[in-house]
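Enquirer: Here's a structure for you.
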Amino acid sequence: MADVAFVFTNPRHHLEMMAPVAAELARRGVTCELVSLAELRGFETPRESGARRVIPMNLRRRGSQPASGPAEDTGGRTRLAQKLVWHLGLGMRLRWMLREARVVVVPNDSVYPYVELVEQLRDTPAHTVLMQEGIRFQPPASYTGPRYGSAVSAAVCAWGQGSKEFFLAGDVPEDRIVVTGAPRLDGIDVASWRGPGRALMDNFGLRAAPIAFLSNPIEIQGYGTREMKLDLFARFLAGAAPVLRPRGIPILVKNHLHEDPDDYARVAARSMIPELVTVMRSGPIFAAIACARAAIVLTSTVGLEALTFGLPLAVLEIPGHDFQFEYVQRGAAVAIRMASIARGVEQLLAPDDTRAAAGSAFVERHLHDRGRARNNVANVIERVLAGELRSDAAAI
C-alpha cells in the first residue's frame with residue numbers, strides 16, 4: 001500500500017496538479033497512489049491516470065447545476081443526499097482504501113466529500129495536506145460553510161504570497177502554510193500551445209483571433225443562480241456587439257467542467273451576434289487561451305492562466321458583488337461594468353503597457369517558483385512523512 005494518497009474529484013485540474021507531485025515523490029522512492037472520486041461528480045476517471053476508482057460507476061449525469069442556488073449548499077435535499085451517500089458506504093469505502101496511507105493529500109477541505117473525509121481521518125494516524133486547487137478570495141456574505149484551509153491537520157501548500165495572505169486572514173497558523181507554487185502550471189510552455197491554438201481556430205473557421213470568454217459556475221460559489229449567470233452572458237453579448245461586429249472579432253466560449261455548453265450556445269443563438277460566438281464543447285483550455293487576443297472571466301482561476309500567456313484580461317461585473325479576487329483591484333485587468341460594457345471591451349482591446357506590467361507582477365504574486373512547484377510540494381509532503389510538519393487533531 002502507498003504511504004501517500006492523493007484524493008481528487010475533478011479528473012482535469014485536480015489530477016493535473018497532483019500527478020506531477022506523485023511522480024516526483026515516486027522518483028524519490030516514496031510510494032504513492034491516486035484515488036479518484038470523479039464518478040461521484042459524474043465524471044470519468046481517465047484510465048491512463050492509473051488512479052484507483054472509489055466508485056465503479058457515475059452516480060449522476062453531468063449537466064447544468066440546479067437553478068435554485070449553490071450546488072454545494074449546506075442544507076435541504078442536496079445535503080441530505082450527500083450524508084446518505086457518505087454514511088451508507090462512501091465513508092467506509094474511503095476508510096478502507098486509505099487505511100495504510102500516512103499522508104492524504106486533498107485539493108479542498110471545505111466542501112463535500114472532503115469535509116467528511118478530513119474529519120474521518122482525525123481518528124487515524126494519517127495527516128492531511130491541502131494542495132491549493134485554485135484562486136482564493138473572501139466568499140460572499142451569504143456563504144455559511146467552512147472556510148477553505150481551516151480543517152487541514154498538517155500543511156497547506158499555497159500558490160503564492162497572495163494566497164498566503166488569504167490563509168493567514170482565515171486564521172490558519174503561519175507555520176502550517178508553505179508557499180510552493182502551482183504544480184499544474186509548472187510546465188506551461190506558451191510557444192508550444194501556439195500550434196494547437198491555430199488548429200483550434202481552423203477547426204472552428206475563425207478568421208480573426210477571438211476574445212476568449214472563460215466562464216465558471218459562480219452559482220456554486222454563492223453568487224446567484226445559473227439563470228442569473230446566463231443573463232450576465234446575454235447582457236455582455238448585447239453590450240459588446242456594437243464594438244465587435246464592425247471589427248469582425250469573434251468570441252470563443254470555453255466553459256468550466258461543471259457547466260453545460262448548451263446553455264451558452266442557446267444564449268448565443270438568441271443574441272445580436274450569433275455568427276460571432278463559438279462555444280467549445282471540448283478541448284484544452286490552453287489552446288483556447290493561446291489563440292485568443294484577450295480573455296474575459298468572472299471569478300475564475302483561468303484569468304491567472306491567461307495572464308501567464310500575456311493576454312489582456314477583463315473581469316465581468318457580478319451585480320451586487322462587484323469584482324471578486326483582485327484582478328481589477330491590482331490593475332491587472334479591465335473592469336467591465338454592466339452599465340458600460342462597450343467601454344470596457346474597448347479598453348480591453350486597446351494596448352496598455354501599465355496594465356501589462358501589472359499583469360506580470362500579478363503572476364509573480366500568485367504563482368511562486370514556476371517550474372519547481374512540484375518539487376516544492378513534494379518537499380512539504382516528505383517533511384510531513386518525517387514528522388517535521390505535524391499538528392494535533394483539532395481543527396484550526
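Enquirer: Could you pull out the residue among A209, A234 that is farther than 16 Å from G283 by Cα, touching a Lys or Arg at 6+ places or on another chain (Cβ under 6 Å), modelled with pLDDT of 95 or more and of a type outside the set (S, T, Y)?
Expert: After ruling out the rest, the residue left standing is A209.
Enquirer: Need the failing condition index for S163 against (1) surrounded by fewer than 23 Cβ atoms within 10 Å (Cβ to Cβ); (2) assigned to a helix (DSSP H, G or I); (3) of a type in the set (G, A, S), just the number.
Expert: (1)
Enquirer: Can you tell me how many residues within the stretch 130-175 are among the acidic types (D, E) and within 16 Å of the chain's Cα centre (by Cα)?
Expert: Residues meeting the conditions: 1.
Okay, residues lined up against (1) among the small types (G, A, S); (2) within 25 Å of A350 (Cα to Cα); (3) not assigned by TED's automatic domain parsing to the domain that holds Q324:
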position	(1), (2), (3)
P210	no, yes, no
Y223	no, no, no
P250	no, yes, no
L276	no, yes, no
A306	yes, yes, no
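Enquirer: Further question on the same structure: So, D260, is that one among the acidic types (D, E), surrounded by fewer than 21 Cβ atoms within 10 Å (Cβ to Cβ) and farther than 26 Å from A361 by Cα or not?
Expert: Yes: the conditions hold for D260.
Enquirer: Checking D202 against (1) farther than 30 Å from L367 by Cα; (2) crowded, with 20+ Cβ neighbours inside 10 Å, which test does it fail?
Expert: Condition (2) is where D202 drops out.
Enquirer: Okay, moving on. Go through the residues of the stretch 211-227 one by one and say whether even a single one is in a helix (DSSP H, G or I) and of a type outside the set (K, R).
Expert: Yes, the stretch 211-227 contains at least one residue that is in a helix (DSSP H, G or I) and of a type outside the set (K, R).
Enquirer: Give the residue, chosen from R365, R355, R370, that is over 23 Å from the mean Cα position of the chain (by Cα) and not hydrophobic (A, V, I, L, M, F, W, C).
Expert: R355
Enquirer: Next question. Mind counting the residues in the stretch 95-128 that are more than 26 Å from E326 (Cα to Cα) and not in a loop (DSSP other than H, G, I, E, B)?
Expert: 16
Enquirer: Got a number for residues in the stretch 141-168 being under 12 Å from N108 (Cβ atoms) and not aromatic (F, W, Y)?
Expert: Going through the stretch 141-168 one residue at a time, the tally reaches 8.
Enquirer: Name the pairs: first residue in the stretch 358-370 and under 16 Å from L313 (Cα atoms), second residue assigned to a helix (DSSP H, G or I) and of a type outside the set (A, V, I, L, M, F, W, C), Cβ to Cβ under 7 Å, at least 6 apart or on different chains?
Expert: From residues that are under 16 Å from L313 (Cα atoms), the pairs are V363/T308; H366/G162; H366/S163.
Enquirer: Let me ask something additional. Given the conditions (1) within 20 Å of T9 (Cβ to Cβ); (2) at pLDDT 95 or above; (3) charged (D, E, K, R), and given that E165 satisfies all but one, which numbered condition is not satisfied?
Expert: Here E165 meets the rest and fails (1).
Enquirer: List the residue pairs whose Cβ atoms are under 6 Å apart, where the first residue sits in the stretch 250-276 and is closer than 16 Å to A209 by Cβ and at pLDDT 95 or above, the second is buried (at least 18 other Cβ atoms within 10 Å of the Cβ) and among the polar types (S, T, N, Q), and the two are 6 or more positions apart or on different chains.
Expert: Pairs found: L252/T278.
Enquirer: Here are some residues: G303, G283. Which one is on the phi > 0 side of the Ramachandran plot and among the small types (G, A, S)?
Expert: Matching residue, one of G303, G283: G283.
Enquirer: Let me ask you something else. At pLDDT 95 or above and surrounded by fewer than 19 Cβ atoms within 10 Å (Cβ to Cβ): is that true of G29 in this structure?
Expert: yes
Enquirer: Any residue in the stretch 1-20 that is modelled with pLDDT of 90 or more, of a type in the set (K, R) and either closer than 20 Å to H127 by Cα or touching a Lys or Arg at 6+ places or on another chain (Cβ under 8 Å) (or both)?
Expert: No: the stretch 1-20 contains no residue that is modelled with pLDDT of 90 or more, of a type in the set (K, R) and either closer than 20 Å to H127 by Cα or touching a Lys or Arg at 6+ places or on another chain (Cβ under 8 Å) (or both).
The values are calculated or read from the model by the stated rules, or taken from the named source; none is laboratory data. Predicted model only: the values in this text are computed from it and were never measured. Quick reminder, even Gly has a Cβ in these numbers, built from the backbone with ideal geometry, and neighbours come from all protein chains shown.
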